[in-house]
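Enquirer: Below is one structure. I have some questions about it.
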Amino acid sequence: MTSDHTSTTTTEPPAEPPAGCPAHGRGAGGLTRLFGPGAEDLNALYERLREEHGAVAPVLLHDDVPIWIVLGHAENLHMVRSPTHFTRDSRIWTPLVEGQVKPDHPLMPHIAWQPIASHAEGDEHKRLRGAVKASMEGLDDRTLRRYINRSSQRLVNDFCESGKAELVGQFAEHLPMAVMCHVLGMPEEYNERLVHAARDALKGTETAIASHGYVMDALSRLTARRRAEPLDDAASKLVTHPANLTDDEVREHLRLLLFAAYEASVNLLSSALLQVIIDPRFYAKLNGGQMTVPEAVEQALWDHPPFSTIFAYFAKVDTELGGQRIRKGDGLLFAPAPANVDPKMRPDLSKNMRGNRSHLAFGSGAHECPGQDVGRAIADVGVDALLFRLPDVQLACPESELRYTQSISSRHLVSLPVRFEPRPQQDITHKPSHTNLPQPRGQWSLPTRQRPTPEPLPEPAPEPAEAPAPTQAAPEPVQERRPGVWRRVLAWWRGY
Ligand code: HEM
């Protein structure tokens, strides 16, 4: 994974035969393009490729640069776990070596080799990844979950009185940034501008370079501060790790952590929220206390992996994968999205994958995501906190009107408009105690939630003449006696 992600669907494709023509969506050598006309629905395209070629298919990137896409679950797993045969070092990629990939190729931020853990291998990978892992391992899960919960409450306070919200822009895009600023050691840098800059840098708009610069300035300041005086955060652990990272290496890995975590967590949180709001499977089970939010998040990781594909792995030797002959120097897209729905793995997609964590959303092998606990915690606690505060939350538009943007690397929900009964803000400055704990999930009395109907939004609640004083957090009747074991476990889990 690279730390920059730009839109990968922006280049103008060459003149195209009309839809319905067998040549539609195809380029050099009759190969299928992963961009332009015919590639509007990449998930459907992957299934067509699976039918046509099996577990590994030859495709074209922008400028008709050839690459393989690995569709099979077993084949993806084999590739990422075979460092003798495949590497993440793009410098051996034949189209790059031979100059077919131009410097302005839209995928260049993913393609260009960088001296970071994602692109390194062997001892160098061990050195860099060792420092990154150590920076994550110091995190106390309970403190982290408490922080995520508080940040979620703060975000909900911003819109709970209005009875409506747009959960991608007002919740999912903010929470991961607030959490990552805290984890890295720069909570004071978290603000609307930083969220905007990260979003902009990842979207690859005209202002992306300036936005990227804004984020990098914050990370440079953090590196300098922690070099001068290390504290107990991820940046300090990177600075003081025995791997002796230079300032540039520290900054580049802070960037990797921030962007990798941000983009993936925004996607995961958005799809998990959508799932628990609209999917009757989740709703029915959540209401009956059978399926927990972490299980719902896990299902979202199966069905909507935050990174659909990762650019890329490269063959170090001539080899064979999924019945295809792969030549030394060939590139292969690691592809969690088609792998997670491989019919050999999941013959019935409607079945939930409860208890099964063998999806490839976090990768596997030497480069497996070291931040998965943090990513899961953001989604688990964020969804839980929101549902707790707004148990009647429901979609404010027909599901068919939800829009997504799609690139080869990921699919984003653009917005998630919801409505709910307006509620007062809660005071989150008080140290939480068991008297304001959420009730155990099994006791929730969530109203029966219908599939969203295309009703107009209700009029916003009239503004009170004076802003009501924030109330102590107690939306549900809570018993005053000492909490039972389950409640204490739940309290611990929620980070109190
Ligand atoms: C929330 C959901 C997340 C998902 C789905 C996810 C997914 C992934 C995937 C698929 C990879 C690449 C595997 C490969 O190259 O083969 C990866 C790598 C990485 N992720 Fe995550 N990630 C998530 C969150 C995070 C978070 C929260 C952090 C940091 C706190 C993080 C830090 C990293 C780093 C540093 C790497 C590079 C590791 C290496 O190359 O050795 N990720 N992630």
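Enquirer: Sort out which residues of segment 109-131 are assigned to a helix (DSSP H, G or I) and in contact (Cβ under 8 Å) with a residue 40 or more places away in the chain, and write them in order of number.
Expert: Result: 109, 110, 111, 117, 118, 119, 125, 127, 128, 129, 130, 131.
Enquirer: For the list (1) touching a His at 6+ places or on another chain (Cβ under 6 Å); (2) within 16 Å of the ligand (Cβ to nearest atom), I need the number of the one condition that residue 201 fails.
Expert: It is condition (2) that residue 201 fails.
Enquirer: Identify the residue in segment 132-164 that is of a type in the set (A, V, I, L, M, F, W, C) and more than 10 Å from the ligand (Cβ to nearest atom) and, among all such residues, is nearest to the chain's Cα centre (by Cα). Show your work before the answer.
Expert: First pass over segment 132-164, keeping only residues of a type in the set (A, V, I, L, M, F, W, C): 132, 134, 136, 139, 144, 148, 155-156, 159-160.
Subset that is more than 10 Å from the ligand (Cβ to nearest atom): 134, 144, 148, 155-156, 159-160.
Values: 134: 22, 144: 18, 148: 16, 155: 19, 156: 20, 159: 23, 160: 25 Å.
Within segment 132-164, the match that is nearest to the chain's Cα centre (by Cα) is 148.
Enquirer: To continue, here is another question. Can we say residue 194 is in contact with a strand residue (DSSP E or B) (Cβ under 7 Å, 6 or more places away or on another chain), of a type in the set (A, V, I, L, M) and more than 15 Å from the ligand (Cβ to nearest atom)?
Expert: Taking the combined requirement at face value, the residue does not satisfy it.
Enquirer: Taking residue 312 as the residue in question, decide whether it is at pLDDT 95 or above and either crowded, with 16+ Cβ neighbours inside 10 Å or farther than 30 Å from residue 131 by Cβ (or both).
Expert: For residue 312, the condition - at pLDDT 95 or above and either crowded, with 16+ Cβ neighbours inside 10 Å or farther than 30 Å from residue 131 by Cβ (or both) - is met.
Enquirer: Of all residues in segment 383-403, how many are in a loop (DSSP other than H, G, I, E, B) and touching a Phe, Trp or Tyr at 6+ places or on another chain (Cβ under 8 Å)?
Expert: Final tally of qualifying residues: 4.
Enquirer: While we're looking at this one, here's another question. Output the residue which, of all residues in segment 334-390 that are modelled with pLDDT under 95 and of a type in the set (S, T, N, Q), is nearest to the ligand (Cβ to nearest atom).
Expert: My answer is 356.
Enquirer: Among the residues of segment 404-454, which ones are under 17 Å from residue 165 (Cβ atoms), modelled with pLDDT of 90 or more, out of contact with any Leu (no Cβ under 6 Å at 6 or more places or on another chain) and assigned to a loop (DSSP other than H, G, I, E, B)?
Expert: Those that are under 17 Å from residue 165 (Cβ atoms), modelled with pLDDT of 90 or more, out of contact with any Leu (no Cβ under 6 Å at 6 or more places or on another chain) and assigned to a loop (DSSP other than H, G, I, E, B): 414, 415, 421, 422, 423, 424, 425.
Enquirer: Among the residues of segment 34-58, write down those that are surrounded by 18 or more Cβ atoms within 10 Å (Cβ to Cβ), of a type in the set (A, V, I, L, M) and part of a helix (DSSP H, G or I).
Expert: If the condition is that a residue be surrounded by 18 or more Cβ atoms within 10 Å (Cβ to Cβ), of a type in the set (A, V, I, L, M) and part of a helix (DSSP H, G or I), then 42, 45, 49 are the ones that fit.
Enquirer: If you check residue 280 against the conditions, is it in contact with a helix residue (DSSP H, G or I) (Cβ under 7 Å, 6 or more places away or on another chain), at pLDDT below 95 and over 18 Å from residue 61 (Cβ atoms)?
Expert: On the way: in contact with a helix residue (DSSP H, G or I) (Cβ under 7 Å, 6 or more places away or on another chain): no; at pLDDT below 95: yes; over 18 Å from residue 61 (Cβ atoms): yes.
So residue 280 does not fit the description; no.
Enquirer: If you go through segment 225-259 one residue at a time, how many are surrounded by 14 or more Cβ atoms within 10 Å (Cβ to Cβ), assigned to a helix (DSSP H, G or I), out of contact with any His (no Cβ under 8 Å at 6 or more places or on another chain) and hydrophobic (A, V, I, L, M, F, W, C)?
Expert: 8
Enquirer: What about residue 201, is it crowded, with 19+ Cβ neighbours inside 10 Å, at pLDDT below 95, among the hydrophobic types (A, V, I, L, M, F, W, C) and in a helix (DSSP H, G or I)?
Expert: In short, yes.
Conditions tested, residue by residue: (1) touching a Cys at 6+ places or on another chain (Cβ under 9 Å); (2) modelled with pLDDT of 95 or more; (3) more than 11 Å from the ligand (Cβ to nearest atom); (4) closer than 28 Å to residue 135 by Cβ.
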position: 253; (1), (2), (3), (4): no, yes, no, yes
position: 257; (1), (2), (3), (4): no, yes, no, yes
position: 263; (1), (2), (3), (4): no, no, no, yes
position: 266; (1), (2), (3), (4): no, yes, no, yes
position: 275; (1), (2), (3), (4): no, no, yes, no
position: 284; (1), (2), (3), (4): no, no, yes, no
position: 287; (1), (2), (3), (4): no, no, yes, no
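Enquirer: Does at least one position in segment 95-105 carry a residue that is at pLDDT 95 or above and within 26 Å of residue 359 (Cβ to Cβ)?
Expert: No, that holds for no residue.
Enquirer: While we're here: Of all the residues that make up segment 71-104, how many are buried (at least 18 other Cβ atoms within 10 Å of the Cβ) and β-branched (Val, Ile, Thr)?
Expert: Here the count works out to 3.
Enquirer: Is segment 176-191 home to any residue that is among the β-branched types (Val, Ile, Thr), under 23 Å from residue 109 (Cα atoms) and out of contact with any Leu (no Cβ under 7 Å at 6 or more places or on another chain)?
Expert: No: segment 176-191 contains no residue that is among the β-branched types (Val, Ile, Thr), under 23 Å from residue 109 (Cα atoms) and out of contact with any Leu (no Cβ under 7 Å at 6 or more places or on another chain).
Enquirer: Among (1) more than 15 Å from the ligand (Cβ to nearest atom); (2) crowded, with 17+ Cβ neighbours inside 10 Å, where does residue 118 come up short?
Expert: Just one mismatch for residue 118, condition (1).
Enquirer: Starting from segment 74-91, keep only residues that are among the acidic types (Asp, Glu), then list their pairs with residues that are outside any loop (DSSP other than H, G, I, E, B) whose Cβ atoms are within a distance under 9 Å, requiring at least 6 positions of separation or different chains.
Expert: Partner pairs satisfying both residue conditions: 75/56; 75/321; 75/339; 89/119; 89/314.
The values are calculated or read from the model by the stated rules, or taken from the named source; none is laboratory data. None of these values were measured; they are calculated from a predicted model. Positions of Cβ are backbone-derived with ideal geometry, glycine not excepted, and every protein chain shown enters the neighbour counts.
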